[in-house]
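Engineer: First the structure, then my questions, so here it is.
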Amino acid sequence: MAQRTFSIIKPDAVRDGHAAAILADIEKAGFKIVTIRKQSISNAQAQGFYYVHKERPFFGELCSFMSSGPIFLMVLEKDNAIADLRKLMGATNPANAEEGTIRKKYAKSIGENAIHGSDAEDTAKFELGYWFAGYELI
Ligand code: CMP
């Protein structure tokens with residue numbers, strides 16, 4: 001059944017000119033781009049988005065990085081979208097990512113890792129609702 005997931009092309013990948021290549025990989029893998037928006041986010045917006053990580057030692061670094069330049073926020077749809085996007089992204093640490101995955105091709109480090117994708121149905125619901133209004137998701 002068609003499922004939606006939330007994804008971000010992160011500041012490192014946008015800065016390095018990889019956004020179009022990543023979007024092409026996503027479309028080639030069969031995802032429909034339901035909605036997409038390029039914007040810069042504030043540190044406070046990043047903190048709200050990543051609140052589940054607020055006790056982690058890397059939280060400050062993560063929020064500074066995510067607010068360091070423009071990103072692409074998007075909602076993607078396909079059968080099994082959440083798991084399939086995670087597979088296409090590759091491991092969080094690009095050093096452990098499989099060949100052909102987005103992080104293997106474009107990520108620099110565990111912190112600057114090119115792309116985010118929701119890890120479960122409840123997080124996808126929170127994350128897409130955090131950034132998009134209902135009328136943008138028709
Ligand atoms: P993401 O999928 O966006 O969700 C949380 C992010 O925290 C993760 O990708 C990484 O970019 C980041 N992260 C996870 N572990 C570390 C770490 N050890 N150091 C810095 N950033 C991390």
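Engineer: Which of Val75, Val14 has the fewest other C-beta atoms within 10 Å, and how do the rest follow up to the most?
Structural biologist: By the 10 Å Cβ count, ascending: Val14, Val75.
Engineer: Next question, about the same structure. Output the Kirkwood hydrodynamic radius of the range 66-118, Cα pairs only, in Å rounded to one decimal.
Structural biologist: 11.6
Engineer: Give, in nm to one decimal, the length gained when the segment between Met1 and Phe59 is fully stretched (0.36 nm per residue of separation minus the Cα-Cα distance).
Structural biologist: Here the segment from Met1 to Phe59 would lengthen by 17.4 nm.
Engineer: What's the extension gain from Glu77 to Ile33 if we count 0.36 nm per residue and subtract their Cα-Cα distance?
Structural biologist: Between Glu77 and Ile33, full extension yields an extra 15.2 nm.
Engineer: Hey, fewest Cβ within 10 Å first, where do Tyr50, Tyr130, Tyr135 land in order?
Structural biologist: Fewest to most other Cβ atoms nearby, the residues stand as Tyr135, Tyr130, Tyr50.
Engineer: Now for a separate question. In whole angstrom, how far apart do the alpha carbon centroids of the range 4-59 and the range 65-125 sit?
Structural biologist: Going from one Cα centre to the other spans 7 Å.
Engineer: Moving on to the next point. Here are some pairs, Lys38/Lys87; Lys32/Lys108; Lys10/Lys108; Lys32/Lys54; which of them have Cα atoms lying more than 21 Å apart in this structure?
Structural biologist: Lys38/Lys87; Lys32/Lys108; Lys32/Lys54, as the Cα separations exceed 21 Å there.
Engineer: For each of Tyr51, Tyr106, count neighbouring Cβ atoms within 10 Å of the residue's Cβ, then give the residues from fewest to most.
Structural biologist: Fewest-to-most ranking of Tyr51, Tyr106: Tyr51, Tyr106.
Engineer: Express the C-alpha Rg of the range 3-132 as a ratio against the empirical globular expectation 2.2 N^0.38 Å, rounded to two decimals.
Structural biologist: That ratio works out to 0.96.
Engineer: Additional query: Can you give the calculated 222 nm mean residue ellipticity of the chain, where each DSSP H run of n ≥ 4 adds -39,500 (n - 2.57) and the sum is split over every residue, rounded to the nearest 500 deg cm²/dmol?
Structural biologist: The helix contribution divided over the chain gives -10500 deg cm²/dmol.
The numbers here are math on the coordinates, done by the rules we state, and not lab data. All figures in this text were calculated on a predicted structure; none of them were measured in a lab. Quick reminder, even Gly has a Cβ in these numbers, built from the backbone with ideal geometry, and neighbours come from all protein chains shown.
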